[in-house]
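To start, the structure itself, in structure tokens.
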Amino acid sequence: MDQVTVKAPSSKSVSHRRLIGAALAKGESHLTGVLESRDIEQTRQILEQTGATFEALGPGEWRVIGIGGGPRGGDAVPVSCYVHESGTTCRLLTAVLASGMGQFRIHGAPRMHSRPIGELTAALEKLGVVIRFEGEPGYPPFVLRTRGLEGGTVEIGLGESSQYLSGLLLAAPQAKGPITLEICGRHVVSWPYIGLTLQTMHDFGIRFDVSARRDRQAEWQFADWRKLRAVRPGLIRFRVRPSLYKAGEYSVEGDWSGASYLLAAGVLGDRPVCVTGLRSDTMQGDRSIRDILERMGAHLEEGDEGLVAYPSSLVGVEADMGDCPDLVPTVAVLAACAEGDTLIRGVAHLRIKECDRIAAPARELGKAGISVEERPDGLLIHGNPQLDLHGRTLELLTYGDHRMAMSLSLLECRGATVHLDDPRVVSKSFPAFWDIWKSIRGEEASAL
């Protein structure tokens with residue numbers, strides 16, 4: 001079989017964090033491999049509006065002159081910080097902006113104004129920040145007024161998003177004193193993203209330590225953050241001391257989230273797909289796509305150039321995807337083509353993403369004749385290994401969600417002609433997707 005080789009997009013999660021580190025640093029940094037996407041552009045623009053200087057040197061390459069401390073807001077009038085539909089931009093930068101001086105107005109597209117942020121703003125208020133909500137409390141838009149973060153201890157729950165903690169960690173070095181962050185609540189979602197945040201802080205020279213304990217009565221013990229894979233509330237804490245981000249040369253690795261669609265195309269299609277640019281030792285939680293594919297029976301091999309996914313017969317699995325929720329739409333389509341049932345659980349928080357990522361896949365896959373049951377915290381997909389969609393044209397909705405668009409395109413691997421209501425929505429995280437998709441599928445790629 002002829003093999004097609006494609007490059008994974010740069011990591012969106014790492015790109016956000018590298019931009020923030022370089023913007024807060026004192027001096028000049030050189031960034032390479034930064035993802036070019038709508039979400040990343042929103043983060044860059046806000047950092048630029050609040051004191052950093054960015055000079056484009058080429059595709060994904062930036063020269064950054066950092067602020068050398070916290071962002072600068074307005075005095076009488078808040079600086080407008082428009083996040084569009086980027087939840088990552090909103091959550092990370094809300095905390096980072098609060099570590100600066102002045103007033104900042106956080107607002108976005110209508111969907112962003114229905115996504116909660118009250119857990120994070122409550123924590124910031126305990127650190128001395130004044131928050132004024134313009135509409136429903138706990139939701140954008142809002143104005144924050146700050147004279148820098150006070151030191152101290154604050155609890156943060158991660159049941160809705162790990163980005164609350166990531167934002168606080170990235171902001172804490174600019175505080176007036178040491179900050180201790182303790183995890184509260186009942187459960188933790190998307191834990192691996194915290195590893196990406198800590199990796200960025202470590203790379204930029206920030207001083208922090210992590211402690212863990214067996215139970216709430218035990219003594220705190222030093223923990224190696226690189227080896228943590230999961231935590232329980234009340235059993236881990238982070239201490240960050242005031243320090244400056246260090247300017248320097250930084251690169252961005254390939255994105256396992258974006259690569260999931262490409263690998264899935266190799267498994268569901270009629271020829272192997274080799275994906276280059278991925279790190280097997282990454283901190284990215286979405287590297288789990290490899291484990292999930294292999295558990296489902298997919299044939300994957302490490303080639304000379306990258307990871308190769310071969311056309312394979314699949315079987316259903318049970319998967320707790322709380323640490324890799326962005327993979328759920330991809331795995332749902334894979335499950336639709338598998339023998340037996342697939343149960344996806346642990347992802348109740350997907351209902352507050354760019355769209356309801358539990359209801360939306362169920363609804364759209366149903367249009368292709370696939371039986372999907374919604375569960376409170378996931379999906380039950382009844383697979384059909386003989387799924388044949390040749391001769392069928394599917395009019396499918398993206399719900400303004402980039403991951404819905406890319407995952408639904410995988411139905412073309414089973415012969416469907418897929419028409420999406422808004423294929424351009426992929427610009428949020430993977431602007432080159434349709435060009436790469438065309439190279440995988442050939443000129444017949446109808447979603448273009």
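Is the stretch 156-168 home to any residue that is in contact with a Phe, Trp or Tyr (Cβ under 9 Å, 6 or more places away or on another chain), more than 19 Å from Lys353 (Cα to Cα), among the hydrophobic types (A, V, I, L, M, F, W, C) and open to solvent by 10 Å² or more (accessible area, probe 1.4 Å)?
No: zero hits.
Does Ser371 qualify as being open to solvent by less than 10 Å² (accessible area, probe 1.4 Å) and among the hydroxyl-bearing types (Ser, Thr, Tyr)?
On the way: open to solvent by less than 10 Å² (accessible area, probe 1.4 Å): no; among the hydroxyl-bearing types (Ser, Thr, Tyr): yes.
When the stated conditions are applied, Ser371 does not pass them.
Given the residues Leu394, Leu380, Leu387, which is the only one that is open to solvent by less than 60 Å² (accessible area, probe 1.4 Å), at pLDDT 95 or above and over 29 Å from Asp320 (Cβ atoms)?
Details: Leu380 fails: over 29 Å from Asp320 (Cβ atoms); Leu387 fails: over 29 Å from Asp320 (Cβ atoms).
Answer to the selection: Leu394.
Which numbered condition trips up Gly400, out of (1) modelled with pLDDT under 95; (2) touching a Lys or Arg at 6+ places or on another chain (Cβ under 6 Å)?
Single failed check for Gly400: (2).
One residue is enough: does the stretch 289-302 have a residue meeting the conditions open to solvent by 10 Å² or more (accessible area, probe 1.4 Å), at positive phi and not in a helix (DSSP H, G or I)?
Checking the stretch 289-302: at least one residue is open to solvent by 10 Å² or more (accessible area, probe 1.4 Å), at positive phi and not in a helix (DSSP H, G or I).
Would you pick out the residues in the stretch 269-288 that are polar (S, T, N, Q), part of a loop (DSSP other than H, G, I, E, B) and open to solvent by less than 40 Å² (accessible area, probe 1.4 Å)? Full working, then the answer.
Narrowing the stretch 269-288 to residues polar (S, T, N, Q): 276, 280, 282, 284, 288.
Next, from what is left, pick out any that are part of a loop (DSSP other than H, G, I, E, B): 280, 282, 284.
Result: Thr282, Gln284.
Quick check on the stretch 152-171. Is at least one of its residues over 25 Å from His84 (Cα atoms) and touching a residue at least 40 places away in the same chain (Cβ under 8 Å)?
no
With respect to Leu343, determine if the residue is at pLDDT 95 or above, under 21 Å from the mean Cα position of the chain (by Cα), over 26 Å from Asp270 (Cβ atoms) and not in a helix (DSSP H, G or I). Steps first, please.
Details: at pLDDT 95 or above: yes; under 21 Å from the mean Cα position of the chain (by Cα): no; over 26 Å from Asp270 (Cβ atoms): yes; not in a helix (DSSP H, G or I): yes.
No: the conditions fail for Leu343.
Could you please find all residues in the stretch 98-111 being surrounded by 20 or more Cβ atoms within 10 Å (Cβ to Cβ), touching a residue at least 60 places away in the same chain (Cβ under 8 Å) and either touching an Asp or Glu at 6+ places or on another chain (Cβ under 6 Å) or not in a loop (DSSP other than H, G, I, E, B) (or both)?
Ala98
Can you give me the number of residues within the stretch 397-418 that are among the small types (Gly, Ala, Ser) and either crowded, with 22+ Cβ neighbours inside 10 Å or part of a strand (DSSP E or B) (or both)? Before the answer, list the steps.
Residues of the stretch 397-418 that are among the small types (Gly, Ala, Ser), as a first pass: 400, 405, 407, 409, 415-416.
Next, from what is left, pick out any that are either crowded, with 22+ Cβ neighbours inside 10 Å or part of a strand (DSSP E or B) (or both): 405, 407, 409, 416.
Total satisfying the criteria: 4.
Applying the selection to the stretch 32-61, what residues are open to solvent by less than 30 Å² (accessible area, probe 1.4 Å), out of contact with any Gly (no Cβ under 7 Å at 6 or more places or on another chain) and either free of Cβ contacts under 8 Å to residues at least 12 places away in the same chain or within 21 Å of Leu97 (Cα to Cα) (or both)?
Asp39, Ile40, Gln42, Thr43, Arg44, Ile46, Leu47, Gly51, Phe54, Gly58
The values are calculated or read from the model by the stated rules, or taken from the named source; none is laboratory data. Everything quoted here is computed from the prediction, not taken from an experiment. Heads up, the Cβs are rebuilt from the backbone with ideal geometry, glycines too, and the neighbour counts pull from every protein chain shown. Note: areas computed on protein heavy atoms with side chains; ligands, DNA, RNA excluded. Shrake-Rupley method; radii C 1.70, N 1.55, O 1.52, S 1.80 Å.
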